[in-house]
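Below: one structure, written as structure tokens.
The values are calculated or read from the model by the stated rules, or taken from the named source; none is laboratory data. Quantities reported herein were computed from a predicted structural model and do not represent experimental measurements. Note that we place each Cβ from the backbone using ideal geometry, even for glycine, and neighbour counts take in every protein chain shown. For accessibility, only protein heavy atoms count, side chains too; no ligands or nucleic acids. Shrake-Rupley method; radii C 1.70, N 1.55, O 1.52, S 1.80 Å.
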Amino acid sequence: MSERAIELCGVALRGPILNGSGTFDAIAARRAFGDALIERFPFDAFVSKTITLEPRQGNPPPRLWETPGGLINSIGLPNKGLDGFLESDLPELARLPVPLIVSVMGFSRDELAILVAAAGQRDEVAMLELNVSCPNVETGLVMGADPGETALAVERVRTETDKPVIVKLTPNATDPAAVAVAAQEAGANAVSLVNTLKGMALHPTTREPWLGGRTGGVSGPAIRAIALEQVAAVASRVEIPVIGMGGIATGRHAADFLTAGASAVAVGTESFRDPAAGRRVAAELAGLSLSGERAAPASTPA
Ligand SMILES: Cc1cc2nc3c(=O)[nH]c(=O)nc-3n(C[C@H](O)[C@H](O)[C@H](O)COP(=O)(O)O)c2cc1C
């Protein structure tokens, strides 16, 4: 094991760099890069794109808007649904050389429970991530924006699996740390943050919303300072591990999140610009001590 190896919720990882869900299509990358992807896999654990119970088409196009320092996406969670994922994606993702985390989203607590039970019982799956950035159709509340809703969701799924459950927090909450505490008390094994911040862009001539979904989620360097503050606030309130993300593009950024209290970090939007960003961030991080200083060279040149 390398000295960068960590243990996350009892699962051994060769390093602390994950991908942000939905920002790296490992199946398409395998097709494009072949075995080189497996030999030089950019991440130390792989988080799947969020899956839902039923297949989804996603939002109408356009789905992306480039904004200064980031992206606004309104992808709308297109996916094959649980059965399609288990049949066709899971066997391919299981061939990756790192532990697999399956991200799930339900429009009710019962839907979440079905997803967690079905994915959690597969040996190929190391952990589950609950994407709670969606409205509960029963209450109309965004699950992850409300500590009580989050606690009920985590309690509901907790009895469905013995595998570690990570709750992915939304930054679009009044007090993300209160949501994190509620998740911990309800039995979550870790929290990850941040998901995207709500944003919108207008068409330059029609003045209508540019994105097919009208609003979208802002990610990338533009949100890094906000994410760093939220990670620090959450890490100071919970005992469980925190996975930090939001605009990480260099080893220095990763070091900042680790110093703020994260146990691991994820690279998201940067992978669109540089598919090998995860490896680069890991290598840059290895050259830094956690205080942010360059590691001392073995001998000082004259
Ligand atoms: C195109 C795109 C798709 C995303 N899809 C998902 C998703 O399916 N599930 C999820 O939990 N987060 C999703 N996210 C959010 C990212 O995982 C991450 O939380 C967010 O982008 C912040 O990190 P970043 O600034 O490094 O991208 C998506 C982000 C982008 C840009």
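For the stretch 154-163, the criterion of being away from the ligand (no atom under 12 Å from the Cβ), hydroxyl-bearing (Ser, Thr, Tyr) and modelled with pLDDT of 95 or more is met by at least one residue. Just one of the listed residues (38, 75) is in a loop (DSSP other than H, G, I, E, B), more than 17 Å from residue 112 (Cα to Cα) and open to solvent by 30 Å² or more (accessible area, probe 1.4 Å), namely 75. Among the residues making up the stretch 137-165, those that are in contact (Cβ under 8 Å) with a residue 12 or more places away in the chain, of a type in the set (A, V, I, L, M, F, W, C) and open to solvent by 50 Å² or more (accessible area, probe 1.4 Å) are 137, 142, 152. Taking every residue in the stretch 29-48 that is farther than 22 Å from residue 4 by Cα and pairing it with any residue that is of a type in the set (Asp, Glu) and not in a strand (DSSP E or B), at least 6 positions away or on another chain, the pairs with Cβ-Cβ distances below 8 Å are 30/92; 48/89.
Can you name the residue in the stretch 3-28 that is among the small types (Gly, Ala, Ser) and outside any loop (DSSP other than H, G, I, E, B) and, of all such residues, is farthest from residue 164 (Cα to Cα)? Filtering the stretch 3-28 for residues that are among the small types (Gly, Ala, Ser) and outside any loop (DSSP other than H, G, I, E, B), the one farthest from residue 164 (Cα to Cα) comes out as 28. Could you say whether any residue in the stretch 95-113 is surrounded by fewer than 16 Cβ atoms within 10 Å (Cβ to Cβ) and touching a Phe, Trp or Tyr at 6+ places or on another chain (Cβ under 6 Å)? Yes.
Looking at this structure, is residue 85 touching a strand residue (DSSP E or B) at 6+ places or on another chain (Cβ under 8 Å), farther than 20 Å from residue 243 by Cβ and modelled with pLDDT under 95? Taking the combined requirement at face value, the residue does not satisfy it. Report yes if residue 110 is more than 16 Å from the ligand (Cβ to nearest atom) and either in contact with a Gly (Cβ under 9 Å, 6 or more places away or on another chain) or part of a helix (DSSP H, G or I) (or both), otherwise no. So residue 110 fits the description; yes.
Select from the stretch 166-205 the residues that are within 16 Å of the ligand (Cβ to nearest atom) and more than 23 Å from residue 232 (Cβ to Cβ) and write down the one among them that is surrounded by the most Cβ atoms within 10 Å (Cβ to Cβ). Don't jump to the end; show me each part of the working.
To start, the set of residues in the stretch 166-205 that are within 16 Å of the ligand (Cβ to nearest atom) comprises 166-173, 176, 179-180, 183, 188, 190-201.
Now drop any that are not more than 23 Å from residue 232 (Cβ to Cβ), which leaves 200-201.
On the way: 200: 15, 201: 18.
For the stretch 166-205, the residue satisfying everything is 201.
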